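For reference, the structure discussed in these notes is given below.
The values are calculated or read from the model by the stated rules, or taken from the named source; none is laboratory data. It should be emphasised that the depicted structure is a prediction, and the values quoted were computed from it without experimental measurement. Cβ coordinates were reconstructed from backbone atoms using ideal geometry, including for glycine residues, and neighbour counts include every protein chain displayed. Areas reflect the complete protein model, heavy atoms only, side chains present, ligands, DNA and RNA absent. Shrake-Rupley method; radii C 1.70, N 1.55, O 1.52, S 1.80 Å.
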Amino acid sequence: MAAYQIVVLPGDGVGPEIIAEGLKVIRAALKAVSLEVQFTELEIGAARYRRTGTAFGQEDIEKVRKADAVYFGAVGLPDVRLPDGREVQSGYIYRQDLDLYANIRPVKLYKGVESPLKNAQEKGIDYVIFRENTEGLYTFGKGGFRIGNEAAVNPLIISRKGTERIVRAAFQMARRRKGAPEDGIKRVTCVDKSNVVEAYAFFEEVFHEVAKEFPDIQSEHYYTDAMTVMMVQRPWHFDVVVTENMFGDILSDLGAGTIGSLGLAPSAEVGDKHGLFQSIHGSAPDIAGKGIANPIAAILSGAMMFDWLGTKHNDPQAAEVGRRIEKAVETALAKGRVRTPDLGGKNPTGQMTEAIIREMES
Ligand code: ATP
């Protein structure tokens with residue numbers, strides 16, 4: 001019987017609301033398998049910063065480092081600012097520290113959910129964005145500087161090591177998937193602005209080098225501007241997409257817009273050792289405390305956590321937990337009887353969770 005230690009960081013805003021729902025679903029899924037999982041909850045984030053002056057304690061980092069996985073809500077409140085004026089954000093806390101270099105963001109349109117794109121249900125949207133998470137234009141902690149009052153500069157760092165490992169992870173994922181909805185071809189698409197920026201030209205160069213290690217997977221390249229058009233007009237062409245940090249941030253929000261709601265978009269941030277799982281949306285302070293947040297992004301992030309544990313530890317029981325959760329979400333959405341307001345329904349957060357658990361137990 002495996003035993004996993006999971007650190008739970010609910011954070012701010014809707015974070016605690018959706019993480020509580022995610023944990024209910026995980027516990028329900030665990031009933032059917034023999035897997036021992038221990039959850040340890042820690043307080044981090046902007047509310048803690050306001051109260052104590054630190055967003056995340058050194059002792060917490062130690063606990064996170066020792067954990068098998070981290071289940072994360074959201075961090076940040078608009079009225080709580082660091083001395084330099086920025087919001088308290090989770091990326092500053094853990095991405096570099098845990099070396100979570102791959103930010104994996106599935107863009108999947110579930111049956112029963114309306115996409116703003118024409119013909120999307122018939123043609124299918126099902127691809128995964130691999131966003132490089134430790135360098136690029138958002139190189140946390142090695143940030144920008146001002147030149148007096150006249151200019152500001154941010155470095156854009158693309159390293160060989162950083163690019164090779166994210167591109168390799170993208171190709172490995174393509175091997176595990178069933179190909180693009182359009183033609184069933186397993187394909188990795190590199191996205192950057194190599195026609196304008198030297199650092200991106202290097203990213204593309206390294207991409208083509210790594211692609212040679214995967215002759216069984218098709219590889220192609222798009223400029224970011226052309227990619228935004230493709231993601232709206234022909235998203236069924238994509239299978240796995242790999243891109244730099246900031247582009248991945250922007251493109252994955254666009255992707256979430258095509259699948260019905262930000263509240264449906266999960267993510268995994270993983271490195272060779274550590275993994276952290278969270279919705280791609282933020283703390284959504286505008287709806288926090290109202291009980292209307294869609295819990296599905298957090299629930300699917302929980303599914304990704306167990307899928308990752310299953311692959312990493314070669315543990316079919318853990319993988320089964322992930323599969324059961326995703327299947328239950330899929331069925332509950334397809335039936336469409338319960339919907340939170342972001343999906344055009346009237347049901348509160350808790351009823352969405354109950355509908356998912358019902359599917360799992362039926
Ligand atoms: P960040 O910059 O931290 O990513 P943000 O402030 O840009 O966050 P979000 O917190 O992601 O934005 O919220 C963007 C919009 O999406 C808000 O209107 C919010 O209410 C909505 N939203 C986000 N998450 C959910 C959810 N789970 N259910 C319903 N609506 C959501």
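Out of residues 5 or more away from Ile125 or on other chains, whose amide H comes under 5 Å of its own, with H placed 1.01 Å from N in the peptide plane?
Under 5 Å from the amide H of Ile125 lie the amide H atoms of Leu109, each far enough along the sequence or on another chain.
Output wanted: per-residue J couplings in Hz (rounded whole) for region 322-329, from phi through Karplus 6.51 cos²θ - 1.76 cosθ + 1.60, θ = phi - 60°, x for Gly and Pro.
Ordered by residue, 3J(HN,Hα) equals x, 5, 4, 5, 5, 4, 5, 5 Hz.
With the convex hull built on the Cα atoms of region 88-174, state its orientation-averaged projected area in nm².
Projected area, direction-averaged: 9.2 nm².
Read phi for every residue in region 95-110 and hand back ³J(HN,Hα) as whole Hz from Karplus 6.51 cos²θ - 1.76 cosθ + 1.60, θ = phi - 60°, with x for Gly and Pro.
4, 5, 4, 9, 6, 8, 7, 10, 9, 9, 10, x, 10, 10, 8, 7
Kindly provide the helix-only [θ] at 222 nm of the chain, computed as the sum of -39,500 (n - 2.57) over DSSP H runs of four or more divided by all residues, to the nearest 500 deg cm²/dmol?
-13000 deg cm²/dmol
Under 18 Å Cα-Cα from Lys312, which lysines qualify once same-chain neighbours fewer than 8 residues away are excluded?
In chain and number order, the partners are Lys66, Lys273.
For region 286-298, take each phi angle, set θ = phi - 60°, evaluate the Karplus expression 6.51 cos²θ - 1.76 cosθ + 1.60, and give the result in whole Hz per residue in order, putting x for glycine and proline.
Calculated HN-Hα couplings, in order: 5, 10, 4, x, 8, x, 10, 4, 6, x, 5, 4, 5 Hz.
Please report the orientation-averaged projected area of region 115-259, defined via the convex hull of its C-alpha atoms, in nm².
9.6
Report the relative contact order of the chain, percent, no decimals, based on alpha-carbon pairs under 8 angstrom and at least 6 residues apart.
It comes to 22 percent, rounded to a whole number.
If you filter region 184-247 for trypsin sites (Lys or Arg not before Pro), then keep DSSP loop positions with at most 12 other Cβ within 10 Å, what is left?
Taking region 184-247 and a limit of 12 other Cβ atoms within 10 Å, the loop trypsin sites (Lys or Arg not before Pro) found are Lys212.
Expressed as a whole number of Å, what is the distance separating the alpha-carbon centroids of region 92-115 and region 331-359?
The distance from the Cα centre of region 331-359 to that of region 92-115 comes to 22 Å.
At 1.4 Å probe size, put Ser301, Ser219 in order of accessible surface, largest to smallest.
Ser219, Ser301
Quick check: the distance between the Cα centres of region 196-228 and region 243-263, to the nearest angstrom?
Spelled out, the Cα-based centre of one part sits 19 Å from the other.
Which lysines, if any, have their Cα less than 20 Å from the Cα of Lys123, not counting same-chain residues under 8 positions apart?
Lys123 reaches Lys108, Lys111, Lys178, Lys186, Lys335.
What whole number of Å gives the distance from the Cα centroid of region 1-36 to the Cα centroid of region 119-137?
Each part's Cα centre sits 25 Å from the other's.
Quote the Stokes-Einstein diffusion coefficient, in whole µm² s⁻¹, for the chain, based on the Kirkwood radius over alpha carbon pairs, a temperature of 37 °C and a viscosity of 0.692 mPa s.
157
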